[in-house]
Structure formats: structure tokens, C-alpha cells
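For reference, the structure is listed below as C-alpha cells.
The values are calculated or read from the model by the stated rules, or taken from the named source; none is laboratory data. These numbers come from a predicted model, not from an experiment. Every residue, glycine among them, receives a Cβ derived from its backbone with ideal geometry; neighbour counts consider all protein chains shown.
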Amino acid sequence: MARKILLEHLNVPGIETLEVFRKMGGYQAVEKVLKTMSPDDVTEEVKKSGLRGRGGAGFPAGMKWSFIDKKSEKPRYLVCNADESEPGTFKDRYLMEKIPHSLIEGMIVSSYALGAKTSYIYIRGEYFYVLRILEKAIAEAYEAGFLGKNILGTDYSLDLHVQIGAGAYICGEETALLESLEGKRGNPRMKPPFPAISGLYASPTVVNNVETIAAVPHIVNMTGDEYAKIGVGRSTGTKLISASGHINKPGVYEIEMGLPVEEFIYSDEYCGGIKNGKRLKALIAGGSSVPILPEHLITKTANGDARLMTYESLSDGGFVSGTMLGSGGFIVMDETTCIVRNTWTLARFYHHESCGQCSPCREGTGWMEKVLHRIENGHGKMSDVDLLVDIAKKIEGNTICPLGDAAAWPIASAIRHFREEFEYHVKYPEKVKDPKHFFYAPFVSEKMNASIA
Amino acid sequence: MSKEIKFSDETLEVVAKIILRYPEGRQKSALLPVLHIAQAEFDGWLSSEVMDYVASILNIKPIEVYEVASFYSMYNLKPVGKCLLEVCRTGPCMLNGAEDLVAHFENKLNIKDGETTADGMFTLKTVECLGSCGTAPMLQCGADYYENLDNQKADALLDKLRDENQRSRYC
């Protein structure tokens with residue numbers, strides 16, 4: 001069995017309560033940091049651990065913390081990003097629902113390191129029932145003296161609140177999240193200034209993902225050096241992966257970084273292979289925004305090396321033949337999947353979620369959705385395929401926040417790897433009339449057939 | 001006659017507590033949670049009168065409420081049925097039968113996506129990713145997630161909601 005850190009005590013009955021959580025070693029890190037470590041010591045451990053942001057960007061967490069403006073006389077804030085909305089991603093929800101105190105302990109330890117006296121967890125509106133679970137756990141933590149004034153008799157005090165969103169993917173972008181927390185539309189801000197200088201209420205702020213924060217107490221307990229030994233190279237520690245799509249065992253799995261992708265898909269310990277004995281066709285490895293991979297690039301890189309679940313191995317080959325670990329939203333597609341249809345639903349998603357500030361994203365996401373819709377339904381023109389590539393190129397890099405890139409990449413990569421399938425929809429409109437066109441007879445590449453013959 | 005738009009004393013107390021979470025003068029931060037409460041208390045949607053009322057208790061301009069209410073997808077700016085069925089249809093749910101589920105509801109309830117049944121009981125709404133991809137297809141009704149759905153489970157859910165006859169609410 002692989003090593004578990006975040007989910008080690010998942011199956012302990014009552015682990016959602018403070019009492020059982022403490023029996024399993026919970027809140028030891030709070031005691032350790034408040035009584036034996038300075039805030040900078042904590043940051044140093046997180047730096048040593050090599051922990052990278054688990055929300056998707058993979059930026060080193062300790063370094064992000066070290067940017068916080070300590071000269072400012074304004075209060076500092078830690079804000080937890082629990083606005084998990086990236087299609088294919090449901091790990092944070094799982095962690096908060098099953099072991100809520102792991103996040104709360106992480107918030108206390110991290111807030112101490114950053115010198116925050118008030119911290120917020122911003123959770124997506126749809127997770128209202130999770131909000132209730134967190135509120136209950138926070139009340140328990142106050143009761144036990146882990147939150148509030150003079151925690152454990154020290155001079156450190158912290159208030160922790162949960163803020164509810166109201167349905168907007170864009171609020172997962174950290175500056176949009178801060179706008180939303182201030183009671184505004186979730187329009188991302190121009191950077192710089194970065195939140196570490198001017199974030200919530202124009203004060204120094206760090207925004208971290210749920211899983212990142214929940215890892216911090218474990219790093220404190222085992223030391224950063226020990227944590228850094230888990231994993232491969234610059235991909236240290238464990239990662240929660242949300243597995244969905246055409247697999248036998250969808251769900252949330254904690255993996256050690258470096259696990260081969262092939263093992264993750266086919267081992268009974270994880271996804272348990274492709275459903276109904278079908279053939280694997282494509283994979284979106286890190287949430288809907290990352291490039292899609294075709295079958296031959298999933299378990300092996302273009303060089304023929306085994307593809308591993310690490311930041312580096314998944315991005316091996318760049319955007320030509322690689323992808324990204326992203327948020328760990330692992331969407332598996334079998335041979336019955338229509339890549340055009342899947343890409344269209346994602347394009348619709350990004351169009352729906354574009355905040356509308358930047359013209360390339362606001363207009364471009366709508367154009368891409370419409371063009372994909374007409375190709376999928378057999379009304380496309382051959383020139384539409386390149387038109388999509390052109391629109392994607394013109395959105396990418398030309399917007400305030402990364403939503404534009406996130407909308408462009410899935411489409412550009414789907415065409416890069418599955419162009420023939422897009423062209424098939426244009427060539428044979430009558431064959432794609434039925435929305436389930438590849439369900440009974442999977443798409444077969446004519447080019448590949450010809451080359452074999 | 002429409003009922004008077006005013007929170008109960010208990011609700012006003014809850015709102016006052018929410019405002020205390022933020023620094024002084026930052027009461028606007030309470031807007032999203034207070035709009036959720038307003039929507040739950042005033043028949044599941046936000047009329048301009050309700051939004052004006054929320055503006056007045058947070059001491060902000062009505063436009064500051066309108067622009068927020070119109071931005072976020074969970075705020076309804078038009079009346080909805082007693083039970084709002086929000087069916088996820090993004091990628092992973094689509095791969096596992098979300099389109100069939102939507103079609104089933106459309107047939108069963110004799111309405112299209114976005115419409116409300118004649119008796120005002122159900123509104124069907126397709127939504128984007130709800131973070132339940134491993135348990136697809138699924139829907140949200142109020143604060144509850146209903147996962148791993150098929151037609152049979154969907155029918156049982158409709159019956160249950162009809163029997164309960166309660167307005168769905170997030171909070």
C-alpha cells in the first residue's frame with residue numbers, strides 16, 4: 001500500500017470530530033509551532049518541504065509565503081481557496097467533508113507562520129453542505145481553545161471564518177476570489193500588485209488551496225526535509241487525485257508523487273481500469289484546462305519513458321506531446337467518447353464562466369463554443385478547424401487572468417491530437433447526427449488504417 | 001398582496017453576526033452570504049425590492065447589489081419552481097450520461113431546460129461543473145447533492161420531493 005498522509009485516517013470512525021481527530025494526532029502541529037517555533041521557522045520548513053500549490057499552478061508554497069509584505073502596518077490575511085470548480089476536480093470537497101479539522105489545523109499553523117490574525121476560507125456556493133461541516137468543526141476548535149484569543153495560552157490569537165461563494169468558476173482565480181470576498185463581482189485584478197503586497201482589503205494576503213494548507217501540519221510534524229524525501233525531484237509529497245470518466249473506480253485517491261500513470265489507471269488500488277472492458281482513448285490529467293492527451297502519450301512520453309504522476313513528467317514534451325498535473329482532475333475517456341463533443345462541453349463551460357472583462361476571452365470563448373457546436377452537429381466547414389486554432393491562439397496570453405489560457409488550451413490540444421476526428425465531423429455530417437455517434441461504433445482513424453495497410 | 005420585505009429579528013441577528021466577521025467599514029463583504037439568506041427567505045429568488053432591501057441593511061447602493069446578484073449563477077433573478085433541479089452537464093458528467101438524464105427530466109416533467117412545470121413544483125436547470133465528477137451523473141437540489149443517478153433514481157427523487165413539498169434552499 002502506498003503511503004498516505006492527508007487521508008491516512010480517512011476510515012477512522014468519527015474522524016470528522018475534534019475528539020477523534022486529536023486522538024489520531026490532530027492539532028499536534030498547532031502545539032508544536034505555537035510553543036517551539038517562530039513564524040519564520042514554519043515558513044522555512046514549508047520551503048524545505050518543496051510543497052507546491054495544489055490548486056493547479058504548482059507554485060512553491062513556502063516561496064509564496066515569503067513574499068508577504070512584512071513591512072506593511074496593515075493586518076495580514078490568509079485566505080484559503082476552497083472554490084474548487086475546475087471540471088474533473090472534487091478532491092478538496094472530499095477532504096473538507098471527510099476530515100474537516102485537517103484544513104482547520106492547517107489554517108491555524110499557516111496563519112501563525114504568516115502573522116495573520118483573521119483568516120478566511122472561501123468555499124464555492126454549491127458546497128453549502130460542506131460549509132456546515134466546516135462551521136461545526138470550527139466551533140469545536142474554538143471550544144477547545146485552538147481558535148480565538150490566546151490559543152493554548154500563548155499570545156497568538158486567530159479568528160477563522162468561512163465565506164460562501166455563489167456560483168462562479170472565476171472566483172478560483174486568487175484575485176477574483178478576493179474581489180468576491182469583498183462583496184463584489186468576481187473580476188480578476190491586474191497584477192502587480194500581487195496579493196502578498198495588496199490583497200484582501202488592500203492588505204498583505206496569501207491565498208492557498210485547501211490541499212496545500214492541509215499538508216502544512218504534516219510538514220511541521222515530520223519536518224520539511226522528511227516531506228521532501230517523498231516523491232520525485234521537485235514533485236515532493238503526496239497529491240490528491242480526483243478520478244472520473246470511464247473507469248471502474250472513480251473517486252479521490254492520495255498518491256505518492258512519481259506513481260506511474262499506467263499503474264494509476266489500471267491498478268485495482270486506484271482507478272481499476274477502463275469500464276466495460278473498453279479501450280482507453282484519451283486523458284485529461286489535471287482538470288479540464290490542461291491539454292488532452294491521446295492514448296499513445298498517456299502511459300509513455302514521446303521519448304518512450306514511463307509517464308509518471310509528477311509535475312515534470314506530465315509536462316514532458318511541453319504542449320506538443322505533454323500536459324500538466326494541474327489540479328489533479330483526472331478525466332479518463334474510452335473509445336466511445338467523441339472528442340469534439342467533449343471539447344464542446346468544455347468550451348461551453350469556459351464561455352459560461354468568462355467574467356467578461358477582457359474582450360479576447362469574453363468574445364472568443366463564445367465563438368469557440370458556437371463553432372464547436374456546429375462542427376459537432378454536422379454543420380461545420382473544413383475551415384472551422386483552423387478557425388478554432390486561430391481563435392485559441394488569439395485568446396492565449398492576451399487576458400488579465402489565466403481563464404483565457406484555460407479556455408484555449410483544451411481546444412488547441414484537442415485539435416492538435418485529434419484533428420482527423422474534427423474533420424470527420426465536417427466530411428460526414430450524416431454520421432454525426434445522432435448525439436451518441438461513437439457510442440456503438442467508435443471513431444476509427446482512416447489515416448492510421450491506411451498506414452497499416 | 002405581496003408580503004412585506006423585511007427579515008425577521010432572528011435573521012437580522014444572523015446578518016449582524018456575519019457582518020462582524022469583517023473589519024469595520026467592510027460590511028459589503030457580507031453581501032454574498034446575505035443574498036443567499038434573502039433568496040432563501042423570499043421565495044427562492046431576488047426581486048429588485050429584495051435587492052434594495054439588502055442594500056439598505058448593508059448600507060450600500062442598490063447597484064452594488066444588482067451587479068453582484070447578476071454575476072453569480074446561484075442567484076435567481078426570476079421566480080423559480082418550488083424545487084430547483086440543477087443538473088450538471090460539463091465534461092465528466094456528460095461522459096457518464098448527463099444528457100440522457102436531462103432528456104429524461106424533460107420528458108417526465110414535460111418541460112425544457114430552464115422551464116418550470118405548470119404546477120410550479122419543479123424548475124429544470126442545466127448547470128456547469130458542480131465538483132461531483134466521480135459520482136456522475138448528478139444534480140443539486142437545495143443544499144443536497146443527488147449522485148450516481150439513473151432514470152429510476154431520478155423518478156424516485158421527483159416523488160420524494162413532491163411528497164415533501166418543501167421549497168428547496170441552499171441555506
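The set of residues in the stretch A:64-94 being closer than 30 Å to residue A:292 by Cα and in a helix (DSSP H, G or I) consists of A:64, A:91, A:92, A:93, A:94.
Annotation note: of A:371, A:340, A:332, A:320, the sole residue that is more than 20 Å from residue A:401 (Cβ to Cβ), among the hydrophobic types (A, V, I, L, M, F, W, C) and surrounded by fewer than 19 Cβ atoms within 10 Å (Cβ to Cβ) is A:320. Cβ-Cβ distances below 6 Å connect the following pairs, each with a first residue in the stretch A:65-83 that is farther than 25 Å from residue A:93 by Cβ, a second residue that is small (Gly, Ala, Ser), and a separation of six or more residues or different chains: A:67/A:196; A:68/A:196; A:74/A:203; A:75/A:203; A:76/A:115; A:76/A:116. Annotation note: of A:304, A:286, the sole residue that is modelled with pLDDT of 95 or more, away from every other protein chain (no Cβ under 14 Å) and either within 21 Å of residue B:129 (Cα to Cα) or in a loop (DSSP other than H, G, I, E, B) (or both) is A:304.
Do the conditions hold for residue B:26, that is, is it within 9 Å of another protein chain (Cβ to nearest Cβ), charged (D, E, K, R) and surrounded by 17 or more Cβ atoms within 10 Å (Cβ to Cβ)? Taking the combined requirement at face value, the residue does not satisfy it.
Entry remark, the stretch A:138-168: residues being more than 14 Å from chain B (Cβ to nearest Cβ), among the charged types (D, E, K, R) and not in a loop (DSSP other than H, G, I, E, B) number 2 in total. In the set (1) within 14 Å of another protein chain (Cβ to nearest Cβ); (2) within 14 Å of the chain's Cα centre (by Cα), residue B:122 fails one condition alone, (1). Only residues that are surrounded by fewer than 20 Cβ atoms within 10 Å (Cβ to Cβ) and of a type in the set (Phe, Trp, Tyr) were counted across the stretch A:343-368, and they come to 1.
Per-residue answers, yes or no, for (1) at positive phi; (2) surrounded by 14 or more Cβ atoms within 10 Å (Cβ to Cβ):
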position: B:37; (1), (2): no, yes
position: B:46; (1), (2): no, yes
position: B:65; (1), (2): no, yes
position: B:79; (1), (2): no, no
position: B:92; (1), (2): no, yes
position: B:97; (1), (2): yes, yes
position: B:107; (1), (2): no, no
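Filtering the stretch B:49-106 to residues that are among the basic types (Lys, Arg) and under 24 Å from residue A:288 (Cα atoms) leaves only B:89.
Within the stretch A:376-391, is even one residue closer than 17 Å to residue A:173 by Cβ and of a type outside the set (Gly, Ala, Ser)? Within the stretch A:376-391, not a single residue is closer than 17 Å to residue A:173 by Cβ and of a type outside the set (Gly, Ala, Ser).
Of the helices (runs of 4 or more DSSP H) lying entirely inside the stretch B:41-107, the ones with 3 or more residues being more than 8 Å from chain A (Cβ to nearest Cβ) are found at B:48-58, B:62-69.
Contact annotation: residue pairs with Cβ atoms under 7 Å, 6 or more positions apart or on different chains, pairing a residue in the stretch B:143-160 that is under 20 Å from residue B:116 (Cβ atoms) and away from chain A (no Cβ under 12 Å) with a partner that is aromatic (Phe, Trp, Tyr) and not in a helix (DSSP H, G or I), are B:157/B:146. Within the stretch A:21-30, identify whether any single residue is more than 21 Å from residue A:237 (Cβ to Cβ), part of a helix (DSSP H, G or I) and either in contact with a Phe, Trp or Tyr (Cβ under 6 Å, 6 or more places away or on another chain) or not small (Gly, Ala, Ser) (or both), and answer yes or no. There is at least one residue in the stretch A:21-30 that is more than 21 Å from residue A:237 (Cβ to Cβ), part of a helix (DSSP H, G or I) and either in contact with a Phe, Trp or Tyr (Cβ under 6 Å, 6 or more places away or on another chain) or not small (Gly, Ala, Ser) (or both). Within the stretch A:241-278, can you find the residues that are closer than 17 Å to residue A:4 by Cα and assigned to a helix (DSSP H, G or I)? Across the stretch A:241-278, the qualifying residues are A:263, A:264. Does any residue of the stretch A:186-198 turn out to be under 26 Å from residue A:240 (Cβ atoms), part of a strand (DSSP E or B) and within 13 Å of chain B (Cβ to nearest Cβ)? Looking through the stretch A:186-198, none of the residues is under 26 Å from residue A:240 (Cβ atoms), part of a strand (DSSP E or B) and within 13 Å of chain B (Cβ to nearest Cβ). Of the numbered criteria (1) within 14 Å of chain B (Cβ to nearest Cβ); (2) touching a residue at least 40 places away in the same chain (Cβ under 8 Å), the one residue A:213 fails is (1). Candidates B:122, B:71: the one that is among the hydrophobic types (A, V, I, L, M, F, W, C) and touching a strand residue (DSSP E or B) at 6+ places or on another chain (Cβ under 6 Å) is B:122. Of everything in the stretch A:202-216 that is among the hydrophobic types (A, V, I, L, M, F, W, C) and crowded, with 24+ Cβ neighbours inside 10 Å, the residue that is nearest to residue A:173 (Cα to Cα) is A:207.
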